[in-house]
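Scroll down for the structure; my scribbles are underneath it.
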Amino acid sequence: MFNLVLFGPPGSGKGTQSTNIIEKYQLVHISTGDILRAEVANETPLGVEAKKYMDQGMLVPDEVVIGMISSKLDATPDAKGFIFDGFPRTVAQADALDNLLEFKNSPINIVLSLMVSEDELKSRLISRGEVSGRSDDNEDVIVKRIKEYHAKTSPVADYYKGKEKLVEIPGEGTVDSIFNALCAEIDAKLD
Ligand code: ADP
């Protein structure tokens, strides 16, 4: 199995690049943001609870998100590997993921971290808000999401650095050039 974490702040291009990566490497895509938005759209009890946090730019509680990941892993036992997009977003989530993967004897192989400047992130998220219809893509909430990222998510980079799994990739440039840089790192690990 080959397991990859695509890491980076909101607006760093994780979703766009995940789509390209899953196609090329046939990995199963697990995006906690997508799963949560589907729960919200279906008005499930989990979705109703999660929406309160998401609309304020805050992270959904760890136990909710970890439970979601655990069922998603169980639902695809024959996967060649997974790409985790928007997860883990806290050190507690990263720990839980390691424990879940230990049962499968298939640890995280690489963590690719997309590096994008704060100004660029804000302008991308604001323009995405104009077309996405996402309730969390407005200026106030964007500022809160970036704050939440610095407080709770950026320590996850250090967690993986300590395990020598983190590779930083410049996240500004064309989608293709960033994709090529990501593929080069994945291919080097697959060899
Ligand atoms: P973005 O990468 O643009 O911030 P996502 O689609 O990944 O957007 O996430 C949107 C929202 O969903 C987050 O602001 C947060 O409220 C919630 N969310 C997504 N993934 C997680 C996670 N792993 N842990 C906690 N909350 C999450």
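Some notes on this structure:
- Cross-link pairs 24/147; 80/189; 14/80; 72/104; 24/165; 14/122 - those with Cα-Cα distance over 24 Å: 24/147
- Tail beyond 23 Å, pair distance distribution of the chain (Cα, percent): 41 percent
- One Cα centroid belongs to the range 147-191, the other to the range 42-104; the line between them spans 19 Å.
- Evaluated with a Cβ-only charge set (Lys, Arg +1; Asp, Glu -1), the range 1-101 carries a dipole of roughly 300 debye about its Cα centre, given to the nearest 20.
- Counting only aspartates and glutamates at least 8 places from residue 144 when in the same chain, those with an alpha carbon closer than 14 Å to its own are 55, 118, 136.
- Ligands, DNA and RNA are left out, and with a 1.4 angstrom probe the accessible area of the range 119-182 is 59 Å² per residue.
- Ordering 82, 107, 61 by the projection of their Cα atoms onto the charge dipole of the range 57-109, which places +1 on the Cβ of Lys and Arg and -1 on the Cβ of Asp and Glu, puts 82 at the extreme positive end.
- Percent carbon-and-sulfur accessible area, the chain, ignoring ligands, DNA and RNA, probe 1.4 Å: 51 percent
- Cleavage-rule hits, trypsin sites (Lys or Arg not before Pro), the range 1-101, DSSP coil, Cβ neighbours within 10 Å at most 13: 80
The values are calculated or read from the model by the stated rules, or taken from the named source; none is laboratory data. Here the structure is a predicted model, which means the values were calculated and not measured. Every residue, glycine among them, receives a Cβ derived from its backbone with ideal geometry; neighbour counts consider all protein chains shown. The accessibility values were calculated without ligands, DNA or RNA, using every heavy atom of the protein model including side chains. Shrake-Rupley method; radii C 1.70, N 1.55, O 1.52, S 1.80 Å.
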